[in-house]
Amino acid sequence: MSLSFTKMHGLGNDFVVIDARDTDPALDAGTIRRLCDRRFGIGCDQLVLLSAPTREGADVQVRFFNPDGSEAGACGNASRCVVAFVGGTPTLQTAAGLLPTTRDGALVTVDMGLPGLNWQDIPLARSCDTLTLPLHEDAAACSMGNPHATLFGDTDRAETLGPDLERDALFPERANIGFAQILSPTHMRLRVWERGAGLTLACGSGACAAVVNAVRRGLTERTCTVTMDGGDLRITWRQDGHVLMTGPAVTVFHGTTA
């Protein structure tokens, strides 16, 4: 079946966006894997499927799929791309809840909601302190609609430790693993090994999780610039608990599958 799509990216974290608000492409895991393949398909870090909203107050329903065909609960960079694709300031219906958005020129802000800080929220396989996980590397964890663990120190270990930590038995649904270096109270360097996708140029929900975990440990202020391989995001963990993520969203090209 021929599909129309739009290729987009947020800081190099790239997506295939399929607008199914008026159609039903019925994508299965095998088709998603083929579309995401960089050699035999379009190529992307995630496929984003838009459909008509089913919740009051939402303007569009958004689902995120990893290159291995699995579904993710949230994706910050992709959420900004959806805002740019749809236009205006839509409220996004996601598995993580309703995400309000705003725009300031080329920059898009998404309210990523409240982080989950309890072990059941992430989820972890057993009860433990989410600020000090019982891993062989010191890490803190939270949920941003998907499970995240953040290691503080340097970012060079992402490729070597990321794959094993993603699948550690402590994470029954696997986890995104962030490697953060604190540069100042308002600036950090971050690389993220994403579950189902591997190392990406940027991870919006991972940046949110890294700032939340850093604030909880007293390492940064509540507003922080997060520099990733693809560029910078501004993350604010407001006093009311909501996490705001601000950054660009870029349309690369439109196309149709064969």
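The values are calculated or read from the model by the stated rules, or taken from the named source; none is laboratory data. Everything numeric in this text was worked out from a predicted model, so none of it was measured. Note that each Cβ is placed from the backbone with ideal geometry, even for glycine, and that neighbours are counted across all protein chains shown. Keep in mind that these areas ignore ligands, DNA and RNA; they rest on the heavy atoms of the full protein, side chains included. Shrake-Rupley method; radii C 1.70, N 1.55, O 1.52, S 1.80 Å.
Rolling a 1.4 Å probe over the protein heavy atoms leaves His254 with an accessible area of roughly 140 Å².
Take every Cα pair under 8 Å whose residues are at least 6 apart in sequence, average their separation, divide by the length of segment 119-241, and the relative contact order is 20 percent. Nonpolar atom fraction for the chain, defined as the carbon and sulfur part of the 1.4 Å probe accessible area, stands at 48 percent.
From a point 7 Å beyond the Cα of Arg21 in the direction of its Cβ, which residues of segment 78-94 have a backbone N at a distance under 15 Å? 81-94, by backbone N distance to the label point. Of all DSSP bridge pairs formed entirely within the chain, close to 80 percent run antiparallel. When only alpha carbons are used to place a centre, segment 17-72 and segment 73-113 end up 16 Å from one another. The overall shape of segment 78-167 is prolate: from the C-alpha gyration tensor, with semi-axes ordered a ≥ b ≥ c, the ratio a/c is 1.5 or greater and a/b exceeds b/c. If you wrap the Cα atoms of the chain in a convex hull and average its projected area over all directions, you get 13.1 nm².
Estimated at 0.36 nm per residue, the fully extended path between Ser4 and Glu56 surpasses their Cα-Cα distance by 16.0 nm. Where a ≥ b ≥ c are the square roots of the eigenvalues of the C-alpha gyration tensor, would you call segment 39-82 rounded, which needs a/c under 1.5, or, failing that, prolate if a/b is larger than b/c, or oblate? Prolate shape, in that a/c is at least 1.5 and a/b is the bigger ratio. For segment 1-109, the relative contact order is 21 percent, taking Cα pairs closer than 8 Å that sit 6 or more residues apart in sequence and dividing their mean separation by the residue count. Across the chain, the mean sequence separation of Cα contacts (distance under 8 Å, 6 or more residues apart), normalised by length, yields a relative contact order of 21 percent. In the chain, the DSSP-assigned H stretches of four residues or longer account for a calculated mean residue ellipticity at 222 nm of -4500 deg cm²/dmol, using -39500 (n - 2.57) per stretch and the full residue count as denominator. Take 116-124, 91-99, 27-35 and order them by the average number of nearby Cβ atoms within 10 Å per residue, most first; the result is 91-99, 116-124, 27-35. Extension gain, Arg34-Phe253: 0.36 nm per intervening residue step, less the Cα-Cα distance, totals 77.0 nm. Ligands, DNA and RNA are left out, and with a 1.4 angstrom probe the accessible area of segment 159-258 is 40 Å² per residue. Could you tell me which of rounded, prolate or oblate describes segment 119-241, using a ≥ b ≥ c as the square roots of the eigenvalues of the alpha-carbon gyration tensor, with rounded for a/c under 1.5 and, failing that, prolate when a/b is larger than b/c and oblate otherwise? Because a/c hits 1.5 or more and a/b fails to exceed b/c, segment 119-241 counts as oblate.
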